[in-house]
Amino acid sequence: TKHKITNSFVPVEKLDKISSHGNHQGAVASISPVDFASLEYILEQRNVESKEIYLLLDGVTDVRNFGAIIRTAECTGVSAIIIGESGSAPINPATIKTSAGAVFNIPICKVSHIKDAVFLMKAYGITTIGATEKSTKLVYDIDLNQSIALVMGSEERGINPSTLKVIDEPIKLPMK
């Protein structure tokens with residue numbers, strides 16, 4: 001707990017399954033293959049003149065969804081992806097594979113709470129919008145010619161209600 005490392009006690013069969021050689025000696029650790037960036041550093045280094053997009057993921061838990069989101073984010077010019085320290089999908093081999101390597105090309109920041117990241121974005125003058133089916137306003141109804149932070153929610157619950165309350169604009173993506 002000192003270093004915020006989570007742990008689980010599992011049956012030895014689970015350790016056998018997840019260790020590559022079966023020589024785990026009763027413990028298996030999973031580490032991230034990428035270095036996480038500091039959100040404050042990213043925001044300090046940004047070009048205020050450019051219109052940047054930041055993607056905040058509020059509880060995306062599926063590793064393949066996470067990988068696909070990372071891949072799309074890189075393709076669409078997202079400046080950084082922000083995830084919560086807990087309750088988010090890990091970066092594992094499935095995430096890396098699904099991202100098609102994009103995970104190594106786009107900064108990913110971990111924050112204690114997505115709501116804190118929203119407040120920080122606002123402090124830097126970045127408009128925060130949240131994708132939610134509960135909005136009547138479409139994404140096309142807002143000014144996208146500015147730096148924005150787009151919050152997207154989890155697969156099951158969407159954006160956390162407390163986060164939704166603090167964003168500037170709830171918007172919805174039109175779908176057939």
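Taking every residue in segment 83-103 that is within 19 Å of SER19 (Cα to Cα) and pairing it with any residue that is of a type in the set (S, T, N, Q) and exposed (fewer than 15 other Cβ atoms within 10 Å of the Cβ), at least 6 positions away or on another chain, the pairs with Cβ-Cβ distances below 9 Å are PRO90/SER30; PRO90/SER32; ILE91/SER32; ASN92/SER30; ASN92/SER32.
Filter segment 1-18 down to residues that are farther than 23 Å from LYS110 by Cβ and open to solvent by 100 Å² or more (accessible area, probe 1.4 Å), then give me how many there are.
4
Just one of the listed residues (LYS172, LYS115, LYS134) is without any contact (Cβ under 8 Å) to a residue 60 or more places away in the chain, touching an Asp or Glu at 6+ places or on another chain (Cβ under 7 Å) and not polar (S, T, N, Q), and it is LYS172. Residues being open to solvent by less than 20 Å² (accessible area, probe 1.4 Å), in contact with a helix residue (DSSP H, G or I) (Cβ under 9 Å, 6 or more places away or on another chain) and not in a loop (DSSP other than H, G, I, E, B) are represented in segment 70-77 by at least one member. For GLY59, the criteria (1) buried (at least 19 other Cβ atoms within 10 Å of the Cβ); (2) within 18 Å of SER99 (Cβ to Cβ) hold in every case but one, which is (2).
Every test in (1) farther than 15 Å from SER154 by Cβ; (2) touching a strand residue (DSSP E or B) at 6+ places or on another chain (Cβ under 6 Å); (3) outside any loop (DSSP other than H, G, I, E, B) is passed by LEU55 save one, and that test is (1). Scanning segment 141-163 for residues that are under 13 Å from the mean Cα position of the chain (by Cα) and closer than 15 Å to ILE82 by Cα returns ALA149, LEU150, VAL151, MET152, GLY153, SER154, ILE159.
For first residues located in segment 7-19 and part of a helix (DSSP H, G or I), partners that are open to solvent by less than 100 Å² (accessible area, probe 1.4 Å) and lie 6+ apart or on another chain with Cβ distances below 8 Å form the pairs VAL12/GLY26; LEU15/HIS24; LEU15/GLY26; LEU15/ALA27; LEU15/VAL28; ASP16/GLY22; ASP16/HIS24; ILE18/VAL28. Of all residues in segment 140-176, those satisfying the criterion of being over 18 Å from THR72 (Cβ atoms), acidic (Asp, Glu) and exposed (fewer than 15 other Cβ atoms within 10 Å of the Cβ) are ASP141, ASP143, GLU156.
The values are calculated or read from the model by the stated rules, or taken from the named source; none is laboratory data. A quick note: this is a predicted structure, and the numbers were derived from the prediction, not measured. Counting neighbours? That spans all protein chains shown, and the Cβs are built from the backbone with ideal geometry, glycine included. These area figures cover heavy atoms from the full protein model, side chains too; ligands, DNA and RNA do not enter into them. Shrake-Rupley method; radii C 1.70, N 1.55, O 1.52, S 1.80 Å.
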